[in-house]
Amino acid sequence: MQFRLRCPERGHAPSKSTNQYIAAMRLEQLARHELQQEQQRAYRDTKNFAEYDRLKREADTNQNLYDSLLQHLKEAVSRRN
């Protein structure tokens, strides 16, 4: 966004207060952009954490199933002997 203003009634460059206003608008625009990027990173991190949590629960369930099957196998082998 370009902020080149001229004061038509005076025919000269903008005043110091106008330049300060333009600088403040640019600063706000940059701050809004940074906020938006940070919100996107936070959303992505939340999604990644949720996926990690789901995979961890699945791995824990699989480990419990494996341990249970191994225990049953050991019991079956010991009964055969």
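Miscellaneous remarks
- Any hit, segment 9-23, residues being part of a helix (DSSP H, G or I), modelled with pLDDT of 95 or more and of a type in the set (D, E, K, R): no
Per-residue answers, yes or no, for (1) of a type in the set (Val, Ile, Thr); (2) at pLDDT 90 or above; (3) part of a helix (DSSP H, G or I):
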{"position": "Arg4", "(1), (2), (3)": "no, no, no"}
{"position": "Gln37", "(1), (2), (3)": "no, yes, yes"}
{"position": "Thr46", "(1), (2), (3)": "yes, yes, yes"}
{"position": "Ser68", "(1), (2), (3)": "no, yes, yes"}
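The values are calculated or read from the model by the stated rules, or taken from the named source; none is laboratory data. On a predicted model such as this, the values are computed, not experimentally measured, just so you know.
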